[in-house]
Amino acid sequence: MSRRIIPQVALTLSLSLSLGATVVACDGERENPYAVKKKSGAVDLHSYEEEMTPEELAAARKAAGHESMDEIAAENAKMFEKGAQEYIKTRMPEYRDLLKEMRGYLDKIEKQASKWKDDAAFAKFNDKYKKDVKAFLDDYDVLTGQGAEGGETQADLGRAVRDWEALNNDLGPGVADNEQLPKAIEDIRARLTTVEESLDKIEADESLEVNKDYKPPKKKK
């Protein structure tokens, strides 16, 4: 078989083109074989979040499929409230007793106020009353974790207790003649009703779990 003879001119041209391509490749920017390639359309939030405005960051997070900070906060608040309601449901009898006792004190003030004609008459009532109030508040602090437990329900209960404490500070001879007394008592009772309605909803919510290992603390005698 005869070998194919390549003309010298063609060989020279071929080598020139090859060398030229090599020079271009050498002179041009080389691709780094170790560079990490990013996927098309991907957003590296960590690289740019310091340069973004809050609005731009929120839009970028949404585009990347991440929850917004408001959505995360709302979800955390929802989980916190669920835990707070389960705390109350576990201690439901104690909360019911607390409201009943507090309503009893309001009834007592309403009935006895007209009898406080002087300091002696008021002292006869108040000596025992203030001891009962102190014991009540001690139990209240234990039950509510110093007012830190109970979520939204505790917000209403705490307000009712603070208003009641303020009312107690204003008690004394002649208070029955103050036209604000019935209104103050009515407002506290209304807030207690709101708390009771919350307790009813919590008790009826079957999705809330009760801590079966919980044991109520013994009350001080």
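Read the figures in this text as sums done on the coordinates, not as results from a lab. Given the structure is predicted, the values throughout are model-derived calculations rather than measurements. Here the Cβ positions follow ideal geometry from the backbone for every residue, glycine too, while neighbour counts run over all protein chains shown.
Taking the conditions (1) in a helix (DSSP H, G or I); (2) over 29 Å from residue 182 (Cα atoms); (3) in contact (Cβ under 8 Å) with a residue 12 or more places away in the chain in turn, residue 79 satisfies each one other than (3).
Would you list the helices (runs of 4 or more DSSP H) that sit entirely within the range 85-198 and hold 3 or more residues that are in contact with a His (Cβ under 8 Å, 6 or more places away or on another chain) and within 30 Å of residue 213 (Cβ to Cβ)? By residue number, no helices (runs of 4 or more DSSP H) qualify. Restricting attention to the range 114-151, the residues being under 41 Å from the mean Cα position of the chain (by Cα), crowded, with 16+ Cβ neighbours inside 10 Å and touching a residue at least 60 places away in the same chain (Cβ under 8 Å) number 3.
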